[in-house]
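A quick write-up on the structure given underneath.
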Amino acid sequence: MRLSGPGLVWGVPVLGGLFTLVTAVILARVGGRLLGIRLRWRRAILAGFPGLMLGWIAAWSINGQGHGPQTLSWPVLVGALVATMLIAVMLELLARPGRPAAAGGRLRAGPVPHPIRSLRQHAARTRRYLQVTRIAARHGLSSYLGGRRPGAGEPRPLARNLRAALDEAGGMFIKLGQVLSTRADLLPPDVIAELSRLQDDVTPADPASIEALLTAELGAPPRAVFASFDPVPLAAASIGQAHRARLATGERVIVKVQRPDARALVERDLDILLRMARALEARAGWARQVAVAEMTRGFAAALREELDFRIEARNLAAVASSSRVRVPAVYQQWSTGRVLVLEYLDGVAVAHAEPVLAASGADRHGLARGLLAAILGQVMDQATFHADPHPGNVLLLRDGQLALIDFGSVGRLDPLQQAALRRLLLAVARRHPAELHDALLDLAQAARPAAGGEDLLEPALAQFLAQHLGPGMVPDTAMFHALFRLVTEFGLVFPPVIAAVFRAMITLEGTLARLAPGFQIIEETQTIAASWVGQVLGPASLRDAATDQALGLLPVLRRLPRRLDRITTSLERGTLTASVRLLADHRDRHFVATMVGRAVLAFLGAAFGIISVMLIGVRGGPLLAPAAAGTGGTSLFHAFGYVGLFFSLVLILRVIITITRDGT
């Protein structure tokens, strides 16, 4: 390979082809940035390589050379860049309409990029990808990840290997395994049995690192703070692990300690998950319809709350005040953001309570019904509810009571959401499609069915109730899955906290099945909801509701005579006016701003183009390059004209891209 003139002469075909490919990709990336879009590798090659070829051909034809171009010069690069942008726009026009609609958001100005920070984050994500891939391969999951099933002669310890891989990956992957362990309707029994071990049987952290963390958080080693401290954890989970201890006063406690690397690992995994959700929403219409990115952000916010044990302490205090099941007390003086000292509850987790239940002859159905009533009471009455009631977080105490532990993951509902959830359960219990329709619309965030969709939603809900709650039919959780699919088809999207309610109920179903096999959660929920009807329609409730309404109307009634007097006075004087605020809705403002922005860009592009053509046609002016034989040379006006023409093309293509991407 040798250098020649301003460009590069290919000596080695392989290196030359590689250099050409890299140049084409760089041109496509630069052109994409100018157009305000991000071209992936396949589309970058499809646009960049032909663009580079066209740039060479254009420079060769303009120069009038009798042989093919052999150098990369500025005319070649500029021509290739223009051709690449034109091809990119053509690919967008040929693409399926609406597929990359979310990319329009990239045209807005964002924060100033930090290259060093971005490189570090990218390197961390890449290391995590490679780490998870190696873990999956080491545990024999590569064939499943690649979509290939093991052959007939190959061993298939999928359940055990999957649990071990999720355990070793740690962080969010353990949380994923915990959620999957409650879905007996999706996974076979052997997989459920193995994944259930992730609820409290995760590989513990190094004892030395736990002692160092306790020393840093409490200001002294554990042996100086507690009368006794067991370094072997009682249970270990994704975020923290629990140790037995005894205070100097003799009280037995549980010390919950956060894993030393939990925060960094969770933040890195959440960054990967959020990026995947945004990419999925940008490419798949169904993902935008169900707001995958918004749900992922809600999941990320809930998981970040679990990293701060002070939030869990506040959650415990909020629920313990009126809980129907036992909740451990918190020793605030020894609790920090990464250490939580709790009352010791003598019992066994429901995940391992089968021998105890069988030997004691406990009223399993009564225990399950009490747990269901407790969770529903948290959702409907207390507004703060346990969002992760899996079998490892529910204890069967020695005295026969149930207790809830691990309040790191909770949901908080506002009064409007609580009222809508009550109406939803009552509508299902009464098989009333109109009430179900209104409750779903109140629960859904800003989105509404498309024009005419609301008129079709209520008949669809009536048909749904007839199919799943007819005479002799036994309702189950599949009914709610069908309901979610139905409302999704009509474009309704639930906020993250409502999704957390349904996720908690699905998790609770798995726990109740462990506690009392065959327990019908839907039937029992209907029974509890029916009892609410009697409470709501009782004399005391009606009197309280009327009192609340009267108290709410009292300030309005007090101001009403004064306002009526002002209105009648204005009418008498002829000064009564009414004001209307245009574009009060932020969606209207966004639409107008988008249209005005596109019009401005199109106008500037056209203006640049006209002025540039006029400059190119001007004769004379300062020369930038000496005149060659038979030519007048390149003047400053010509240079400005060519540059302006380039920017005119960029602006116009940018407008075309935005219009193409959002379908307008």
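The values are calculated or read from the model by the stated rules, or taken from the named source; none is laboratory data. Here the structure is a predicted model, which is why all the values come from computation and not from measurement. Virtual Cβ from ideal backbone geometry, glycine too; neighbours counted across all protein chains shown. These area figures cover heavy atoms from the full protein model, side chains too; ligands, DNA and RNA do not enter into them. Shrake-Rupley method; radii C 1.70, N 1.55, O 1.52, S 1.80 Å.
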**OP:** Among the numbered conditions (1) aliphatic (A, V, I, L, M); (2) surrounded by 10 or more Cβ atoms within 10 Å (Cβ to Cβ); (3) over 23 Å from PHE637 (Cα atoms); (4) out of contact with any Leu (no Cβ under 6 Å at 6 or more places or on another chain), tell me where VAL580 comes up short.
**Re:** (2)
**OP:** Determine if segment 376-394 includes at least one residue that is touching a residue at least 60 places away in the same chain (Cβ under 8 Å), more than 25 Å from the chain's Cα centre (by Cα) and not in a helix (DSSP H, G or I).
**Re:** yes
**OP:** Quickly run through segment 347-370 and pick out the residues that are under 27 Å from ALA313 (Cβ atoms) and buried (at least 24 other Cβ atoms within 10 Å of the Cβ).
**Re:** VAL350
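Yes or no, residue by residue, for (1) farther than 19 Å from LEU416 by Cβ; (2) modelled with pLDDT of 80 or more; (3) open to solvent by 30 Å² or more (accessible area, probe 1.4 Å):
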residue: ALA427; (1), (2), (3): no, yes, no
residue: GLU435; (1), (2), (3): no, yes, yes
residue: ARG448; (1), (2), (3): no, no, yes
residue: ALA466; (1), (2), (3): yes, yes, yes
Original post:
Within segment 124-157, which residues are of a type in the set (A, V, I, L, M) and at pLDDT 75 or above?
Top reply: LEU130, VAL132, ILE135, ALA136, ALA137
**OP:** Could you please find all residues in segment 390-417 being among the polar types (S, T, N, Q) and crowded, with 16+ Cβ neighbours inside 10 Å?
**Re:** ASN393, SER409, GLN417
Subject >> Any hit, segment 193-200, residues being under 21 Å from PRO328 (Cα atoms) and at pLDDT below 90 >> reply: yes
Original post:
Which ones in segment 226-240 are modelled with pLDDT under 90 and either basic (Lys, Arg) or not in a loop (DSSP other than H, G, I, E, B) (or both)?
Top reply: ALA235, ALA236, GLY240
